[in-house]
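Colleague: My questions will all concern the structure given below.
The values are calculated or read from the model by the stated rules, or taken from the named source; none is laboratory data. Note that this is a predicted model, so its numbers are computed, not measured. Every residue, glycine as well, gets a Cβ built from its backbone with ideal geometry; the counts of neighbours run over all protein chains shown.
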Amino acid sequence: MRYVIISDIHGNWAALEAVRDMLPSLLPDGVLFLGDYVTDGSDPQRVLRNLREIQEEYPCSLILGNREEYFLKNRYHPDPSWQPCSHTGSLWYTARHLTEKDLDWFATLPVSKVIHPAEGMDFMICHGSPLSACDSMLGRKNKERREQMVRSIQQDLPGI
Ligand SMILES: [Fe+2]
C-alpha cells in the first residue's frame with residue numbers, strides 16, 4: 001500500500017497544487033490529510049477547492065486540525081482577540097474568507113481515524129492527539145500523557 005500523507009497546508013495553495021501535480025506519478029492507493037488546511041496563506045478557498053478535487057480523484061481520508069477547530073469554536077463564540085494585526089490577523093482574515101458550508105464541512109471531520117490498509121497493519125492518524133486536534137504529544141512535559149495515549153491506542157489497535 002502506498003499512501004501520500006499531507007499535513008499542515010496552512011493555506012499554502014501553491015505547495016498543495018505542486019504536490020497535487022505530483023500525485024499521478026506517485027500512484028498512491030490513498031491520500032491522507034492530517035489537518036490545518038487553512039490560515040496563514042492568502043486563499044483558503046483555493047485550498048479547499050483543491051481538497052475537494054483531490055477527493056474526486058483519489059481515495060482520501062481527512063481529519064481535523066487545530067486551526068479548523070478554532071473556526072468551529074469561533075463560529076458560535078467569536079473570539080474578540082481576532083483582529084487585523086500581526087498576532088491574530090491570519091485567523092481574522094481567514095474567518096472572513098470561509099463560508100458556512102466550509103464550517104459545516106469542518107464539523108464533519110473526525111479528530112482521529114483508524115486506517116485499515118488492504119495489506120499491512122492498521123494505523124491511526126491524528127493531528128494533535130487521538131482525543132483532540134489541539135493536543136500535543138511532543139516534548140518532555142507530555143511524556144506521561146503520551147504514554148497514556150499510546151496505551152489507549154494499543155487497546156483500540158491490538159496489532160500495534
Ligand atoms: Fe496544528
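To keep it simple, each residue is scored yes or no on (1) in a loop (DSSP other than H, G, I, E, B); (2) at pLDDT below 90; (3) under 26 Å from LEU16 (Cβ atoms).
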residue	(1), (2), (3)
GLU119	yes, no, no
MET124	no, no, yes
ASN142	no, yes, no
GLU147	no, yes, no
GLN155	no, yes, no
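Colleague: A further question follows. Kindly indicate which of LEU103, LEU131, LEU109, LEU48 is in contact with a Leu (Cβ under 7 Å, 6 or more places away or on another chain) and closer than 25 Å to GLY30 by Cβ.
Modeller: Values: LEU103 fails: closer than 25 Å to GLY30 by Cβ; LEU131 fails: in contact with a Leu (Cβ under 7 Å, 6 or more places away or on another chain); LEU48 fails: in contact with a Leu (Cβ under 7 Å, 6 or more places away or on another chain).
That would be LEU109, the only listed residue that is in contact with a Leu (Cβ under 7 Å, 6 or more places away or on another chain) and closer than 25 Å to GLY30 by Cβ.
Colleague: Restricting attention to segment 43-66, which residues are touching a residue at least 40 places away in the same chain (Cβ under 8 Å), within 16 Å of the ligand (Cβ to nearest atom) and in a helix (DSSP H, G or I)?
Modeller: Result: PRO44, ASN66.
Okay, residues lined up against (1) surrounded by 15 or more Cβ atoms within 10 Å (Cβ to Cβ); (2) under 18 Å from ASN66 (Cα atoms); (3) out of contact with any strand residue (DSSP E or B) (no Cβ under 8 Å at 6 or more places or on another chain):
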position: LEU138; (1), (2), (3): no, yes, yes
position: ASN142; (1), (2), (3): yes, yes, yes
position: SER152; (1), (2), (3): no, no, yes
position: GLN155; (1), (2), (3): no, no, yes
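Colleague: Filter segment 68-77 for residues that are more than 11 Å from GLY128 (Cβ to Cβ) and within 10 Å of the ligand (Cβ to nearest atom) and give the result. Reasoning before the result, please.
Modeller: Pass one, segment 68-77, residues more than 11 Å from GLY128 (Cβ to Cβ): 68, 70-77.
Residues satisfying the conditions are GLU68, TYR70.
Colleague: OK, next. Which of the residues that make up segment 24-42 are farther than 27 Å from SER90 by Cβ, of a type outside the set (S, T, N, Q) and not in a loop (DSSP other than H, G, I, E, B)? If you could, list the steps in order and put the result at the bottom.
Modeller: Applying the first criterion (farther than 27 Å from SER90 by Cβ) to segment 24-42 yields 24-30.
In the following step, the residues that additionally are of a type outside the set (S, T, N, Q) were identified as 24, 26-30.
PRO24, LEU26, GLY30, listed by residue number.
Colleague: Residue by residue through segment 100-124, note down the ones that are among the hydroxyl-bearing types (Ser, Thr, Tyr) and touching a residue at least 12 places away in the same chain (Cβ under 8 Å).
Modeller: First, pick out the residues of segment 100-124 that are among the hydroxyl-bearing types (Ser, Thr, Tyr): 108, 112.
Answer for segment 100-124, where residues must be among the hydroxyl-bearing types (Ser, Thr, Tyr) and touching a residue at least 12 places away in the same chain (Cβ under 8 Å): just SER112.
Colleague: Taking PRO80, is it out of contact with any Cys (no Cβ under 9 Å at 6 or more places or on another chain) and either part of a loop (DSSP other than H, G, I, E, B) or modelled with pLDDT under 95 (or both)?
Modeller: Values: out of contact with any Cys (no Cβ under 9 Å at 6 or more places or on another chain): yes; either part of a loop (DSSP other than H, G, I, E, B) or modelled with pLDDT under 95 (or both): yes.
Yes, satisfied.
Colleague: When the residues of segment 83-92 are narrowed to those that are part of a helix (DSSP H, G or I) and within 16 Å of the ligand (Cβ to nearest atom), which ends up surrounded by the fewest Cβ atoms within 10 Å (Cβ to Cβ)?
Modeller: Initial filter on segment 83-92 (part of a helix (DSSP H, G or I)): 89-92.
Remaining after also requiring within 16 Å of the ligand (Cβ to nearest atom): 90-91.
Working: SER90: 18, LEU91: 20.
Among residues in segment 83-92 that are part of a helix (DSSP H, G or I) and within 16 Å of the ligand (Cβ to nearest atom), the one surrounded by the fewest Cβ atoms within 10 Å (Cβ to Cβ) is SER90.
Colleague: For the subset of segment 1-23 comprising residues that are part of a loop (DSSP other than H, G, I, E, B), free of Cβ contacts under 8 Å to residues at least 60 places away in the same chain and closer than 14 Å to GLY65 by Cα, which member is nearest to the ligand (Cβ to nearest atom)? It would help to see each step written out before you state the result.
Modeller: Step one: list which residues in segment 1-23 are part of a loop (DSSP other than H, G, I, E, B), which gives 1-2, 7-12.
After this cut, where a residue has to be free of Cβ contacts under 8 Å to residues at least 60 places away in the same chain as well, the list is 2, 8-10, 12.
Now narrow it down to the ones that are closer than 14 Å to GLY65 by Cα: 8-10.
Values: ASP8: 6, ILE9: 11, HIS10: 8 Å.
Ranking the candidates gives ASP8 first.
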